[in-house]
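This report refers to the structure that appears directly beneath it.
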Amino acid sequence: MHRKHVELAVGIFGIIGILCLAWLSVRLGRMEVGDKGYPIHAEFANCGGLRTGASVTIAGVEIGRVRSITLSGHEARVEMIITPDVRIREDAIVAVKTRGLIGEKFLAISPGGSDKYLEPGAEMWETQSAIDLEDLIGKFAFGDVSDQ
Amino acid sequence: MRYLITLILLLGIHASAAPKSPSDVVQDGTREVLEALTDPARQGDEHKAERRKSVRHTVDVYFDWDEMAKRCLGRHWQLQTIEDQRTFVDLFGQLLEASYMDSLDGYNRDRTDVTIRMIGEKSRDDKALVTTLVDMVERDTQKKTTISIDYSLHLKGGNWQVYDIKVEGVRLVSNYRDQFSSILERRSFQELLENIEKRVHGLDPND
């Protein structure tokens, strides 16, 4: 009888643990900025595995999240939500970067010097796609096929 | 008949006044730079200065140095006086010239054939992006290398001018913006100007 109680307790504890994990992953994956910010979008030749909910940063500080990633023509169209108190200059460059060597992908904005600011819904024209490390290593290690 | 001639003349004038498309600008620019570089009258080390001057002159027509320098400085641009901005634009042009002229000259010396393939163009209002692939074939060994170069252009004074280049996915402006901004976090703008000046003279032994 006592043994049964212990098993039940372990079972409940396990379920609570799983629920906590589920809550945590939903919380971490979701956009916390929500709809409070304003949208801007950018097109990348290769967004290299960037995911919805990835952070958008300036100087390492999170100022927004990726809301959606869709295919537009042959390019990746990334829509971001930016916190209302941050304004982005027209000549800012947005780049897909990786945390660490094989970490998650995020967007880093390098602020520009223009006196014009992006309006809500505008497109960031200056983009830099993810650098394909495998591609670079391939080229370095095996040379260009067109070498011959 | 007179009206017809007038109309044709007007159309002709209109056509010549219309700006070249961004792709045409890139194609013509590349061709003219290559012509300046391989001009038989300016070959050899004795004509080096002359050859470089001619290349620089051609590049000046197609590149908007002001915009490029401004973008490279990013948010620090507006903090400088107009004189400092002007000095920076001038030095920045010299820095690029000193950095890349040797490579350009190298391709010429190594007898490399350079051809440019236009891949695509997209534009929005006064901005355009031209994607190209550049094939370089060494004449002696037939070794071929292909690199992707994208040109960012904007409309200035009715003409398309280049303000950024992306080589194999890496932006020139982005690269310099990061470097300048990390220097300016620790040093003054005057020190940055001195640094660039030293680098320009270091790169170009003729100076």
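The values are calculated or read from the model by the stated rules, or taken from the named source; none is laboratory data. Given the structure is predicted, the values throughout are model-derived calculations rather than measurements. Neighbour counts are summed over all protein chains in view; Cβ atoms, including those assigned to glycine, are modelled from backbone coordinates with ideal geometry.
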Pick from segment A:71-93 the residues that are more than 10 Å from chain B (Cβ to nearest Cβ) and closer than 25 Å to B:GLU121 by Cβ: which of them is modelled with the lowest pLDDT? A:SER72
If we scan segment B:176-188, do we find a residue that is surrounded by fewer than 13 Cβ atoms within 10 Å (Cβ to Cβ) and touching a residue at least 12 places away in the same chain (Cβ under 8 Å)? no
Take the conditions over 30 Å from B:GLN85 (Cα atoms), within 14 Å of chain B (Cβ to nearest Cβ), among the charged types (D, E, K, R) and out of contact with any Cys (no Cβ under 6 Å at 6 or more places or on another chain) and apply them to A:GLU126. Does it pass? no
Look through segment B:139-158, keep the residues that are within 9 Å of chain A (Cβ to nearest Cβ) and out of contact with any helix residue (DSSP H, G or I) (no Cβ under 9 Å at 6 or more places or on another chain), and return whichever of them is nearest to B:ARG111 (Cα to Cα). B:GLN142
Among B:ASP135, B:ASP150, the single one that is within 18 Å of A:GLN128 (Cβ to Cβ), among the acidic types (Asp, Glu), without any contact (Cβ under 8 Å) to a residue 24 or more places away in the chain and part of a strand (DSSP E or B) is B:ASP150
Any chance segment B:103-113 includes a residue that's over 30 Å from A:GLU123 (Cβ atoms), among the polar types (S, T, N, Q) and either at pLDDT 90 or above or in contact with a Lys or Arg (Cβ under 9 Å, 6 or more places away or on another chain) (or both)? yes
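For every residue, the table says whether it meets (1) closer than 18 Å to A:ASN46 by Cα; (2) at pLDDT 90 or above; (3) charged (D, E, K, R).
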site: A:LEU107; (1), (2), (3): yes, yes, no
site: A:LEU118; (1), (2), (3): no, yes, no
site: A:TRP125; (1), (2), (3): yes, yes, no
site: A:ILE137; (1), (2), (3): yes, no, no
site: A:PHE140; (1), (2), (3): no, no, no
site: A:ASP144; (1), (2), (3): no, no, yes
Return a yes/no flag: does segment A:76-83 have any residue that is among the acidic types (Asp, Glu), in contact with a Phe, Trp or Tyr (Cβ under 9 Å, 6 or more places away or on another chain) and either surrounded by 15 or more Cβ atoms within 10 Å (Cβ to Cβ) or in contact (Cβ under 8 Å) with a residue 60 or more places away in the chain (or both). no
